[in-house]
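Input: a single structure, listed below in structure tokens.
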Amino acid sequence: QVQLVESGGGLVQAGGSLRLSCEASGRTYINYAMGWFRQAPGKEREFVAAISWSGGTTYYADSVKGRCTISRDNAKKTVYLQMNSLKPEDTAVYYCAADSSWGRLGTKIDSYDYWGQGTQVTVSS
């Protein structure tokens, strides 16, 4: 029902910025909350940010709060993650995900039903 494709990753120096995009296909996308997760080499996949179906509510992991902004454009079926003041520890594969359930924004991977393939973000020191 939902297919997700991430883009916008790349190599950036510490202190720089990137804007990740996740384009969705599927008729139910606008009714789904969306999240961003990341997974660094040798680490578990971790929560980064989430946004409600309307875009009116957002939530961030402490590790990125103040540096990242999640937003969505439902007309374009796209969710974004603006990342500023990037640090080497932000290096990871970033995934977007869709949550078909209703209620509180999820911070665990089990809360999400559909996943993209990921986009690599590398931050050099």
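Throughout, read-outs are computed from the coordinates displayed, never taken from laboratory work. Computed from a prediction, not measured in an experiment: that's the story for all the values here. So basically every Cβ, Gly included, is an ideal-geometry build from the backbone, and we count neighbours across all protein chains shown.
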| request: Enumerate the amide H contacts of A61 below 5 Å, restricted to partners 5 or more residues apart or on another chain; note that Pro and chain-start residues carry no placed amide H. | output: A49
| Kirkwood Rh, region 29-74, all Cα pairs: how many Å? | 11.4
| query | Can you give the Kirkwood hydrodynamic radius of the chain from its Cα pairs, in Å with one decimal? | reply | 14.2
| remark: Protection proxy (average C-beta count within 10 Å per residue), highest first, orders 65-75, 48-58 as 48-58, 65-75
| note | Among the Cα-Cα pairs of region 59-125, the proportion with separation greater than 21 Å, in percent, is 29
| query | Once the piece of chain linking S25 and K43 is laid out straight, how much longer is it, given 0.36 nm per residue of separation minus the C-alpha distance between them? | reply | 3.5 nm
| field | Any cysteine of the chain lacking a neighbouring Cys Cβ under 4.7 Å - listed by number | value | C68
